[in-house]
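First up is the structure itself, then whatever we jot down about it.
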Amino acid sequence: MDFPSTIIVGNDTFEIEKSISQICLQIGNEFRSNNPDLYQIDDKTGWGIDEVRKLKSFASRKPFQYNSKLIIIFEAQNLGIESQNSILKLIEEPAPDTFIILTVRNPKNLLETIRSRCRLIKTKRKTTPKAELLIRQKNIAQNLLLSETLTQDKTAVIPYLENQISQYQQQLIQESSLTTKNELDKLIRTLKMVKANIDPKTALDWFLLS
């Protein structure tokens, strides 16, 4: 491969994982959870600087099972500036036989110096169908069940909330209502919570139960 580092752009998990699998075929590696030569950063690990330091330690060792090592950072836009600068050093001076993949919804959320040193793959964009307005149910159990249902696919939560905010804004334009405004304000706060790496279910629980 000409580029040991790749940015995959998109919001469709299936399309992103398909691109990752294609890269794995090219480098003779495998995208699977128990792969000793794969290091993965995602919502389970978090995107903090300590996790990036662990990643760099992984990159410094020799491959165990395959002839290459693979690093995948999902939703890389969640990396802070310090973490991105640390990743940049690894991209600029990649360890032997180490390939790095970053997935991102919008590459502009990454440092320009990172973007310029990676090849870019754009996947098919997943469109979010218009959903019914998110309305609280009659009891706590129903609200908790609704929250669990909506967060089964965590990658879809942000597009869903953005869709809901847009619908509430349209409703507020058509008919001014204090109730609608309060719901809109809470939705915006919920979206900010998710973007701040608060667990999506915790954020939606707050919205539905507050």
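The values are calculated or read from the model by the stated rules, or taken from the named source; none is laboratory data. Computed from a predicted model, the values in this text were never measured in an experiment. Cβ: placed from backbone, ideal geometry, glycine included. Neighbour counts: every protein chain shown.
At a glance:
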{"read-out": "Residue tally, condition closer than 16 Å to Thr202 by Cβ and modelled with pLDDT under 80, over region 135-144", "value": "1"}
{"read-out": "Single residue of Ala141, Ala203 found to be in a helix (DSSP H, G or I), under 20 Å from Gln77 (Cβ atoms) and small (Gly, Ala, Ser)", "value": "Ala203"}
{"read-out": "Residues that are small (Gly, Ala, Ser), within 22 Å of the chain's Cα centre (by Cα), buried (at least 16 other Cβ atoms within 10 Å of the Cβ) and not in a helix (DSSP H, G or I), drawn from region 49-100", "value": "none"}
{"read-out": "Failed criterion for Asp43 (all others in (1) within 18 Å of Lys195 (Cβ to Cβ); (2) out of contact with any helix residue (DSSP H, G or I) (no Cβ under 8 Å at 6 or more places or on another chain); (3) touching a residue at least 40 places away in the same chain (Cβ under 8 Å) hold)", "value": "(2)"}
{"read-out": "Residue list for region 145-183, filter: part of a helix (DSSP H, G or I) and either modelled with pLDDT under 80 or charged (D, E, K, R) (or both)", "value": "Glu148, Lys154, Glu162, Lys181, Glu183"}
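Listed here are the residues, each with its yes/no results for (1) touching a His at 6+ places or on another chain (Cβ under 9 Å); (2) among the aliphatic types (A, V, I, L, M); (3) within 12 Å of Ile72 (Cα to Cα).
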| residue | (1), (2), (3) |
| --- | --- |
| Ser5 | no, no, yes |
| Ile8 | no, yes, yes |
| Asp12 | no, no, no |
| Gln26 | no, no, no |
